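Here the structure is laid out as C-alpha cells; the discussion comes afterwards.
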Amino acid sequence: MQNSTLDLRPLLLKRLHPYMLGIVLIALLAVLAPLSYENPDKMAYVLLLLLLFAMLLASMLVLHMGLYAVSASLTVAVTFFGTWGSFLINSQMLFCDFFPLVYVTGSIMISSLFLPLAATLAVIAAHSLLLILVVLNTPILQTQNWPSFFIFILFVSMISTIANQLIKTQMKQLQESSIRDHLTGLFNRRYFEETLKNKLKRVQDSKTSVGIILLDVDHFKHFNDTFGHDAGDAVLTELANLMIRHFDITVSVCRYGGDEFAILLSMAQKEELVLLAQALVKKVRNLSVMHKGKSLGNMTISCGCAMYNNSIETIEQFIKRADQALYQAKERGRDQVGGY
C-alpha cells in the first residue's frame, strides 16, 4: 500500500482491533460458562476462539511494526475462519443451518474497508464457492430458503465493492490535493521536499546524482500591479505549462511558492543540467502570455542550478546552494542561469 499521511485506514484498523478482541473474549467466556444444553463440541469452540485470539494479537503486532497490509489481511482472515469454523462445528453437531454464515458479511465489509478491490473480490469469490459447496453437499440446507440468503450475500458484496471503489477514489483525491498546487496543477513544495529526501537516500549507493533548478519570474510584481492578480495567475499557469512540455516525465516540476518554482532531476553531469536550464530560459524569453484576449507581453525567468554533493552537504545546504545561484543570476541582470 502506498504510504500517505492522509490514509486513515491504519488508525481505523488499530481502533477496530480492541473491539474484535473483546468480542472473541466474551464468546470464549460464554462457551466456557455452564450452559443449559449439552454441548459436546465445547473444546472445538474453545480451540477456534483461541486461534482467532492469537491471529488478532498477531495482527495488532504487525500493525505496530508498520506492516499495514499484513495486519489488514490477518484481520479479514479472523472473520473468514471464524465464520466457517463456527459453521463446521455446528454441522458436526447436526445443528446445520445458515445462522453462523450471517457473519460472512463481516469479512466482506471489513475487506472492503481495508484491502484493495482485488482482495475483496477474492474474499467474495471464496465465500460464494464455499456456500455453493455447502448447499450442494448438505441436503437439509436445500430445504431451507437458501436462494434468499445467497442473494443477501451478493447484495452485501455489491455494496461493499462499491464502497471499496469510493474509498479508493476519495483517498486518491485527498492525496492529489495534498501534493498538487491548485493553480498550476504542478507538484507543491511539500512533494518536492519529500521526493528530494527520498531521492537523496537512494543516490548514496548509485552512480547517478541529483540536480535541482530553482527559478522565479523576473519582475513578477509588474504583472500583478499592471494587469491585476488574475493576470499574474495566468503568467504562472503559462510558465507551468511550458515547463511540463520542456521536461520529460521523469522530471519533477514543482511550484515552490509564489512565483518561485523548483525542478528536480536525476543527472550525471552538471553541464547537462545547465544546458536544460539555459534552454528553458530561452523558451520563456520567447513566450508571449495572453490573458482575456490581451497580450501581457514577454516574460523572462532567472534560474539557479546545483548538483548534490553527497559527501559533504545536507538537504538544506543543497537547496540553499541552488537558491544562492538563483540570487547570483538576478545580480548579474536576470534572464539567465546561475550556478556554473
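Restricting attention to region 211-229, the residues that are β-branched (V, I, T), part of a strand (DSSP E or B) and farther than 19 Å from E316 by Cβ total 1. Identify all residues within region 224-238 that are surrounded by fewer than 19 Cβ atoms within 10 Å (Cβ to Cβ), among the β-branched types (V, I, T) and under 21 Å from Y256 (Cβ atoms); write none if there are none. T237 - this is the single residue of region 224-238 that is surrounded by fewer than 19 Cβ atoms within 10 Å (Cβ to Cβ), among the β-branched types (V, I, T) and under 21 Å from Y256 (Cβ atoms). Inside region 242-253, residues that are touching a residue at least 24 places away in the same chain (Cβ under 8 Å) and outside any strand (DSSP E or B) make up a count of 5. Going by the structure shown, is T143 farther than 30 Å from Q170 by Cα, at pLDDT below 85 and touching a Cys at 6+ places or on another chain (Cβ under 8 Å)? When the stated conditions are applied, T143 does not pass them.
Quick grid of which residues meet (1) open to solvent by less than 30 Å² (accessible area, probe 1.4 Å); (2) in contact (Cβ under 8 Å) with a residue 24 or more places away in the chain; (3) under 24 Å from the mean Cα position of the chain (by Cα):
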position: L200; (1), (2), (3): yes, yes, yes
position: T208; (1), (2), (3): no, yes, no
position: H222; (1), (2), (3): no, no, no
position: A240; (1), (2), (3): yes, yes, no
position: I263; (1), (2), (3): yes, yes, yes
position: A277; (1), (2), (3): yes, yes, no
position: L280; (1), (2), (3): yes, yes, no
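Taking region 69-79 as the range and being open to solvent by 20 Å² or more (accessible area, probe 1.4 Å) and farther than 17 Å from L50 by Cβ as the test, the residues that pass are A69, V70, S73. Filtering region 278-328 to residues that are in a helix (DSSP H, G or I) and in contact with a Leu (Cβ under 9 Å, 6 or more places away or on another chain) leaves L280, V281, K283, V284, I315, F318, I319, A322, D323, A325, L326. Taking the residues in region 291-340 that are touching a residue at least 24 places away in the same chain (Cβ under 8 Å) and acidic (D, E) as candidates, determine which candidate is most open to solvent (accessible area, probe 1.4 Å). Per the criteria, the residue is D323.
Summed over region 92-111, residues that are open to solvent by 30 Å² or more (accessible area, probe 1.4 Å), of a type outside the set (V, I, T) and either modelled with pLDDT under 85 or within 15 Å of V46 (Cα to Cα) (or both) total 6. Remark: L215 matches the filter, which requires a residue to be crowded, with 19+ Cβ neighbours inside 10 Å and touching a residue at least 12 places away in the same chain (Cβ under 8 Å).
For the residues G66, G85, the requirement of being modelled with pLDDT of 85 or more, surrounded by 15 or more Cβ atoms within 10 Å (Cβ to Cβ) and out of contact with any Ser or Thr (no Cβ under 9 Å at 6 or more places or on another chain) singles out G85. Answer yes or no as to whether I244 is open to solvent by less than 60 Å² (accessible area, probe 1.4 Å) and not hydroxyl-bearing (S, T, Y). In short, no. Does S148 meet the test of being out of contact with any Leu (no Cβ under 9 Å at 6 or more places or on another chain), at pLDDT below 80 and part of a helix (DSSP H, G or I)? Yes, satisfied. Is it the case that A27 is at pLDDT 85 or above, crowded, with 17+ Cβ neighbours inside 10 Å and assigned to a helix (DSSP H, G or I)? So A27 fits the description; yes.
The values are calculated or read from the model by the stated rules, or taken from the named source; none is laboratory data. Remember, it's a predicted structure, so these values are computed and weren't measured experimentally. Don't worry about glycine lacking a Cβ; one is built from the backbone with ideal geometry, like all the others, and counts go over all protein chains shown. The protein model used for the area step is the full one, side chains on, heavy atoms only, and it has no ligands, DNA or RNA in it. Shrake-Rupley method; radii C 1.70, N 1.55, O 1.52, S 1.80 Å.
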